[in-house]
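Since the structure comes first, as structure tokens, the remarks are kept for the end.
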Amino acid sequence: MAIITLLTDFGTADGYVGEMKGVLLTENPDATLVDITHDLPPHDVEMGRLTVARYWRRFPSGTVHVAVVDPGVGSRRAALAVAADGRFLVGPDNGVLSPALLTPGCRAVALAVPTHASATFHGRDVFAPAAAKLAGGVDVEALGSPARDPMIRRTPEPHRQPSGDVRGQVIAIDRFGNAITNLIGEYGAQVVVNARDVTLRRTYADLEPGNAGAVIGSNGLIEIVVRDGRAADVLSLERGTPVVLRSR
Amino acid sequence: MAIITLLTDFGTADGYVGEMKGVLLTENPDATLVDITHDLPPHDVEMGRLTVARYWRRFPSGTVHVAVVDPGVGSRRAALAVAADGRFLVGPDNGVLSPALLTPGCRAVALAVPTHASATFHGRDVFAPAAAKLAGGVDVEALGSPARDPMIRRTPEPHRQPSGDVRGQVIAIDRFGNAITNLIGEYGAQVVVNARDVTLRRTYADLEPGNAGAVIGSNGLIEIVVRDGRAADVLSLERGTPVVLRSR
Amino acid sequence: MAIITLLTDFGTADGYVGEMKGVLLTENPDATLVDITHDLPPHDVEMGRLTVARYWRRFPSGTVHVAVVDPGVGSRRAALAVAADGRFLVGPDNGVLSPALLTPGCRAVALAVPTHASATFHGRDVFAPAAAKLAGGVDVEALGSPARDPMIRRTPEPHRQPSGDVRGQVIAIDRFGNAITNLIGEYGAQVVVNARDVTLRRTYADLEPGNAGAVIGSNGLIEIVVRDGRAADVLSLERGTPVVLRSR
């Protein structure tokens, strides 16, 4: 029984996601549909990419992931299908599928756009039909021609300074106000953000309520946190805020 | 395996939708439950109707759609089950099911309300049990008596002026701030809204970033849009704002 | 086919819920995943408890409920699995599972935490794996050692005054702005809240639009409501606001 996951920035109230689900189940009535999210900030391709990175390989082999954050719909950007590490992904060629495209051995095709497809809703008319075919066992190569030079987005690299410090940045703020960085470190390390020194702890509970600190997040990256509070608000953090990991 | 979809204005946090899902799966453990939305603005029957219109026929024959936006719960409004075009729908008799009720050959019954039903939560006590029965193969006629004169809501009709212009209005604002109108038109047409002239393009990407225009939306109706922006905010649009399609 | 429900305060956009679903389906590809909510206010264990109370017993025997509202993740709080009334529940030992823990004959174990588990995301690394095992038929006792003195939260009890009045309080505000109390009463009773007298009606529709009243909610408790309005806003109600049921 095929598993098809859905990530969009559509919200659900307008019915766009409902239309996609109808297309998927009409083609593939036995598929298991799994909502990842429809609440991405509109047009936030970068956040879509980071979210895809978290979950796409956690699903079983054969899973089809639909990821539609698509401000360029109807433009000349390609529509992609990707096979990587036993999973399949469909979405626009704007970097949202980068985690799969960076996987060794991946194959990517530019989807043929059906002639009846609307120019404003490829989620329904291009990506859902392609996902349904993949879930039904069609080869990715049968869905289009090899993709040329698909767009790749990468998390910015941290930089080691002559002093030994490593300079990185905040790459995302999560629902709890935690600020996820692009830094890797070990317990006890010192982190500086907005002129504030915090220590890398094992978990939130190692901090006093209201105090700021850092933890190693569940994806291995350092996060700036405030116990029982929102670090992003308390420390004025946003995407791009510089963060420094002190040399020991 | 039966498919049952759910549309409500309940949100999810209070657990009301959870209760409905429990009732559905207790009666019908093999059903596939599909969330359409629970984020409709509270009591917004009109938006519920427009959303139902988008998806109800996209699902396979036999699908049961539950649509509960029900400010009149517990009043004398009827509770309906409808069979139309091979699908089934349940919901209050307030117009939310109009897209199915306007379908030729549809059959509608007024559901018998179980004596133990609460007076405030027919989603759980009336509509979910009826949907479970329909999903299990029970005839719609077995669930109640023929509905008399169910309430129909319609999208307002645009009007042709003596000048040849067609006068319509905004009927919905979507999550992206696009303003969906009741007008139909062709590429290149001129549209006037709030004293602003915009041209009907093929897609968003045919506009410069920040510029206003119009496109034919994925349901065939003209939408007022701003590339990479929120037309509703930029142009002060809301439901009911007049929109004129110029004669050529 | 196993049913696994999910309640969290994670939102969906960050992908945490997606990771949990991937873990569940990798272990148990045939499971039916059911979203209850991911929109609980962050860290609101009390609201989680009230929501769990509404739905956990509405699902069929054998259902596995995952309920993760977990401000103490990584601390010494236990991770629990509970078997009660034929259903199974997993979640932190902070009271969110109280409705099951208060059920006669329930059994609770403290889950063994895998050595590779992150210190910040037990939803993915502890609770989802345990839920998958329960859904696959593993005994709850095989997942850990008997839980000692798990934390119980209870709805505050109303108090009968010498006058015969019963003094209670608002325990929750729902999405519609209805204020749910801890009081039980009969139609026609008088309720006083914030110096305002309202009468207990059968349903919202028994009130004039804009008028305040009370109804017996779908869980049997008195709710303060405003017809076509938000009682919480109109009457300045919040959790803890005192409410008095007058003696007859």
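The values are calculated or read from the model by the stated rules, or taken from the named source; none is laboratory data. Small disclaimer: the values here were computed from a predicted structure and weren't measured. Note that each Cβ is placed from the backbone with ideal geometry, even for glycine, and that neighbours are counted across all protein chains shown. Heavy atoms of the whole protein, side chains included, go into the accessibility calculation; ligands, DNA and RNA do not. Shrake-Rupley method; radii C 1.70, N 1.55, O 1.52, S 1.80 Å.
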Worksheet item: Would you call B:Asp197 farther than 16 Å from B:Asp165 by Cα and of a type in the set (Asp, Glu)?
Response: no
Worksheet item: For residues in region C:12-61 being open to solvent by less than 10 Å² (accessible area, probe 1.4 Å) and part of a loop (DSSP other than H, G, I, E, B), which is farthest from A:Ile173 (Cα to Cα)?
Response: C:Phe59
Item to complete: Answer with yes or no whether A:Ala135 is touching a residue at least 12 places away in the same chain (Cβ under 8 Å), under 21 Å from A:Gly48 (Cα atoms) and either open to solvent by 30 Å² or more (accessible area, probe 1.4 Å) or under 25 Å from the mean Cα position of the chain (by Cα) (or both).
Response: no
Discussion item. Can you tell me which condition C:Val126 does not meet? The list is (1) part of a helix (DSSP H, G or I); (2) open to solvent by 30 Å² or more (accessible area, probe 1.4 Å), and all the others hold.
Written reply: (2)
Item to complete: Considering only region C:157-197, state which residues are within 24 Å of C:Val96 (Cβ to Cβ) and among the aromatic types (Phe, Trp, Tyr).
Response: C:Phe176
Worksheet item: Quick one: which of C:Ser145, C:Ser118, C:Ser163 is assigned to a strand (DSSP E or B), farther than 30 Å from B:Arg77 by Cα and among the polar types (S, T, N, Q)?
Response: C:Ser145
Worksheet item: Which ones in region A:62-97 are under 23 Å from A:Thr155 (Cβ atoms), of a type in the set (Gly, Ala, Ser) and crowded, with 24+ Cβ neighbours inside 10 Å?
Response: A:Ala67, A:Gly91
Item to complete: For C:Arg153, work out the one condition from (1) buried (at least 22 other Cβ atoms within 10 Å of the Cβ); (2) within 18 Å of the chain's Cα centre (by Cα) it doesn't fulfil.
Response: (1)
Worksheet item: Taking the condition within 15 Å of the chain's Cα centre (by Cα) and under 22 Å from B:Gly136 (Cα atoms), does B:Ala67 pass?
Response: yes
Practice prompt. Just give me the residues in region A:33-56 being within 11 Å of chain C (Cβ to nearest Cβ) and in contact with a Pro (Cβ under 8 Å, 6 or more places away or on another chain), in sequence order.
Written response: A:Met47, A:Arg49, A:Val52, A:Ala53, A:Trp56
Worksheet entry | Candidates B:Arg239, B:Arg154, filtered to the one that is closer than 21 Å to B:Val96 by Cβ and free of Cβ contacts under 8 Å to residues at least 60 places away in the same chain | B:Arg154
Worksheet entry | Selected residue (criterion: least open to solvent (accessible area, probe 1.4 Å)) from residues of region B:167-176 that are over 12 Å from B:Leu237 (Cβ atoms) and not basic (Lys, Arg) | B:Gly168
Item to complete: Within region A:11-29, work out how many residues are within 7 Å of another protein chain (Cβ to nearest Cβ) and acidic (Asp, Glu).
Response: 2
Worksheet item: Pairs under 6 Å by beta carbon, first residue more than 12 Å from every other protein chain (Cβ to nearest Cβ) in region B:75-94, partner hydroxyl-bearing (Ser, Thr, Tyr), six or more apart or different chains?
Response: B:Ala84/B:Thr103; B:Asp85/B:Thr103
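Mind checking which residues of region C:94-123 are of a type outside the set (Gly, Ala, Ser) and either under 14 Å from the mean Cα position of the chain (by Cα) or closer than 11 Å to C:Val66 by Cα (or both)?
C:Asn94, C:Val96, C:Leu97, C:Pro99, C:Leu101, C:Leu102
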Worksheet item: Is region C:100-112 home to any residue that is within 14 Å of chain A (Cβ to nearest Cβ) and farther than 22 Å from B:Thr26 by Cβ?
Response: no
Worksheet item: Any residue at all in region A:99-113 that is in contact with a strand residue (DSSP E or B) (Cβ under 7 Å, 6 or more places away or on another chain), part of a loop (DSSP other than H, G, I, E, B) and open to solvent by less than 20 Å² (accessible area, probe 1.4 Å)?
Response: yes
Worksheet item: For region A:65-74, how many residues are hydrophobic (A, V, I, L, M, F, W, C) and at the interface with chain B (Cβ under 8 Å from one of its Cβ atoms)?
Response: 1
Worksheet item: Which one of these is farther than 26 Å from A:Met1 by Cα and of a type in the set (D, E, K, R): C:Asp30, C:Asp70?
Response: C:Asp70
Worksheet entry | Of all residues making up region B:1-20, the number that are without any contact (Cβ under 8 Å) to a residue 60 or more places away in the chain and charged (D, E, K, R) | 1
